Amino acid sequence: MKKINNGRSIVSILYVAVLLVVLLIACKKGQSNIEIVSNDKTKPGVVTNVKVENLNGSARITYTLPDSKNLLYVLATYNINDKVVRQTKASYYTDTVMVDGFAKAKEYTVTLNAVSRANIMSDPITVKVNPKIPNYLLINDNLAITPDFGGANFYGLNPNKTPVAIHILSYNEGTKVYDEQDPQYLSNDTVNISVRGFSVKNTKFAVFTTDRFGNVSDTVTKELTPLFETQLDKSKFFTFHLGTDSPIGYGWELKYLFDNNLGDPGWHTTSAPLKICSFGIGPLAKISRVVLYNRLPDIWGYQNSRQFTIWGSTKDNPGDYPSWPATVTAVGTVMGDWVNLGNFVVPLPPSGAPPNQATDADKATAGANGFSFNMPNVSQMPAVKYIRFQCTQTWAGLDYVNAKEITLFGAPVQ
């Protein structure tokens, strides 16, 4: 036998041997009492000590697991309405199962089975749950439907941030049926949807809400008269330079931002701490929405706006504000003579493609139609005479910005 007379080799062998012993001990200590694979056909025990916490459209069920070595999961089976049966699984790592999707606030029966790794079910245990009013009903029943510029506004809260779809309809006097708008999908805490393009005459609007389980609310209807809205006359717009405005680059003067021309040139700045410009709009007007046209072909790239803020001023000759913020401020923030009318984020390509892979159809649509944004809290905001457009982030994070055109809608104040 060959002798090992190298000190390092002896130490290495001892180290490996000790490590193997430690690992073996650790494995034994951390070994689960649940078998990874089982051919055991023994029926598992039932869950016990069952408790229920009722929530909106759902319930949280807790329990004590059976002392079954080959347990895999707990299965909850239940009807969410008169037609649909759901099943929810909870692994043996937890003592809780969530049952959700219930259509109404009433009593339902849930069946619980412990299931082994050999797919053997325990005897069933039944439990009664009484979910509170489901979120899709909670939202729809409390939507405020009010007149808005050129249409109607649907406002309400979604306190549990539940994914829902809001379906808005309007009655067509010609066809005598309700026409549905594209559904609005949301999961944030507020519903604030406006529909536009209606005449100033009595119009019947309706709304219903659906959730991801296929539940559908009743339809709520309301007849109202939309507020007057028109595109503001760009021939009355004029440049208005303030000290914190960005320097102009490449001959793309500010006047080209509202010249009713989607071709070159547009507005383009050079590097500066702020990406901002100011202009007058002529008569005092309530601003209801803004349409921004980014520069082709990289509408979702480079120095095009990714997010921006619209500021307004009621003054005849508004002053600058020397310490103007470069980042996003809250809607309603006042900076000297200026108030934040709204913060906006340019949506991703309609096709769902990443921004840097926008399709030709994406570019054609956005290039021709721009991005339209409804102004928030219009009723609380003042009518204004001047606008400041501030880009707070470009797609490439640059310190300069460009845009092809901006269009404003609203109601001039007589």
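Coordinate-derived values only; no laboratory data. Bear in mind that the values here come from a model prediction, so they are computed numbers and not experimental data. Here Cβ is always computed from backbone atoms with ideal geometry, including for glycine, and neighbour counts include all displayed protein chains.
Listed values, structure above:
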| item | result |
| --- | --- |
| Peptides 148-157, 69-78 ordered by average Cβ neighbours within 10 Å, highest first | 148-157, 69-78 |
| Residue 359-residue 190 pseudo-label distance in nm [points 7 Å out on the Cα-to-Cβ vector] | 3.3 |
| Under 18 Å from the Cα of residue 104 - lysines, other chains or at least 8 residues apart | 83, 128, 132 |
| R0 of 60 Å, Cβ-Cβ distance residue 141-residue 414: FRET efficiency to nearest 0.05 | 0.95 |
| Count, lysine Cα pairs under 12 Å in the range 230-412, 8 or more residues apart or across chains | 6 |
| Highest to lowest packing among 397-407, 178-188, 366-376, scored as the average C-beta count within 10 Å | 397-407, 366-376, 178-188 |
| Ellipticity estimate at 222 nm from DSSP helix runs (n ≥ 4, -39,500 (n - 2.57)) divided over the chain, nearest 500 | -3000 deg cm²/dmol |
| With Cα atoms, 0 to 90° folded angle of helix 360-369 axis to the chain main axis | 40 |
| Within straight-line cross-link reach of residue 204, lysines at Cα separation under 20 Å, skipping those fewer than 8 residues along the same chain | 176, 222 |
| Among (1) 19.7; (2) 22.5; (3) 35.3, the entry that matches mean projected area of the Cα convex hull in nm² as calculated here | (3) |
| Length-normalised contact order of the chain in % [C-alpha pairs under 8 Å, at least 6 apart] | 13 |
| Point-charge dipole on Cβ atoms (K/R +1, D/E -1) for the chain, about Cα centre, debye to 20 | 1640 |
| Packing rank of 320-330, 162-172, 304-314, where each peptide gets the mean count of other beta carbons within 10 Å, highest leading | 304-314, 162-172, 320-330 |
| Theoretical gain in end-to-end length, residue 284 to residue 200 [0.36 nm per residue, Cα-Cα removed] | 28.2 nm |
